[in-house]
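Q: To start, I am sharing the structure in question, which I have written as structure tokens.
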Amino acid sequence: MLVLKRWLHVWYLGTIVEALDDDMVLVHVQGDSIEKDVPMPRTALLPQECIVAPPPRGWFAQRNDIVYVYVADSSCAPTLREHGLLLVGTVIERIPQHDAALLDVLLPGPNNVRRCQLGLGFLGPITLDTFQATRERLEQLPHHATPDAFQHT
């Protein structure tokens, strides 16, 4: 199961690799060694779903690229599918040693952004026009509560 796990102000895409008990799971973050897998309470994680299947190849994102994001919180995935939308984001930094990128992801609702580290396989290129049109459509959807969304200026 895909999840986001928070450390400081960034949410990291990970996978639950083992259920330790009813409340605790072992989470692996893409690009980290197995020794860095960490036990976490289920309640501290945000379950994720692929909105549509990512393309067979990811996008080797560069700083300032605008991208589609193929994963979203399970709680807002049905709304995104209903409206035929994917999330979009802006790459802040590439992290090649983890096959990942740090990006600001636009969530449903006005001015709703989350900083995430996501694997490159969950990103895809888009044009500026498509990014702007998608951003406008996302802003019109009901606000998606997020633990650390910040006002984007």
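We did not get these values from a lab; they are worked out from the coordinates using the rules stated. Values in this document were obtained by computation on a predicted structure and should not be read as measured data. Reconstructed Cβ throughout: ideal geometry from the backbone, glycine too, with neighbour counts over all protein chains shown.
Q: Taking the chain as the reference, fit the longest principal axis to its C-alpha atoms, fit the long axis of helix 128-140 to the helix C-alpha atoms, and give the angle between the two in degrees, 0 to 90, nearest 10.
A: That helix lies at roughly 80 degrees to the long axis.
Q: Can I ask one more? Taking amide hydrogens as modeled 1.01 Å from N in the peptide plane, which residues meet the under 5 Å criterion relative to LEU107, leaving out close sequence neighbours?
A: Excluding prolines and chain starts, which carry no amide H, the hits are ASN112, VAL113, ARG114.
Q: When TRP7, TRP59 are ordered from fewest to most other Cβ atoms inside 10 Å of their Cβ, what list results?
A: TRP7, TRP59
Q: Order of 126-134, 24-32 by packing, highest average Cβ count within 10 Å first?
A: The most tightly packed comes first, giving 24-32, 126-134.
Q: Right, here's the next one. If a/c stays under 1.5 just call it rounded; otherwise compare a/b with b/c (prolate if a/b is bigger, oblate if not). Do that for the range 2-48, with a ≥ b ≥ c from the square roots of the Cα gyration tensor eigenvalues.
A: In terms of gyration-tensor shape, oblate.
Q: Can you tell me how much longer the chain between HIS83 and GLN62 gets when fully stretched, taken as 0.36 nm per residue apart minus their C-alpha distance, in nm with one decimal?
A: 4.7 nm
Q: What ratio of Cα Rg to 2.2 N^0.38 Å holds for the chain?
A: In units of the 2.2 N^0.38 Å rule of thumb, it is 1.00.
Q: Sort 65-73, 103-111, 44-52 for me by packing, meaning the mean count of neighbouring Cβ atoms within 10 Å per residue, highest on top.
A: Packing order, densest peptide first, comes out as 65-73, 103-111, 44-52.
Q: On to the next question. If you place +1 on the Cβ of every Lys and Arg, -1 on the Cβ of every Asp and Glu, and leave all else neutral, what size is the dipole of the range 49-140 about its Cα centre, to the nearest 20 Debye?
A: Taking the Cα centre of the range 49-140 as origin, the dipole is about 120 debye.
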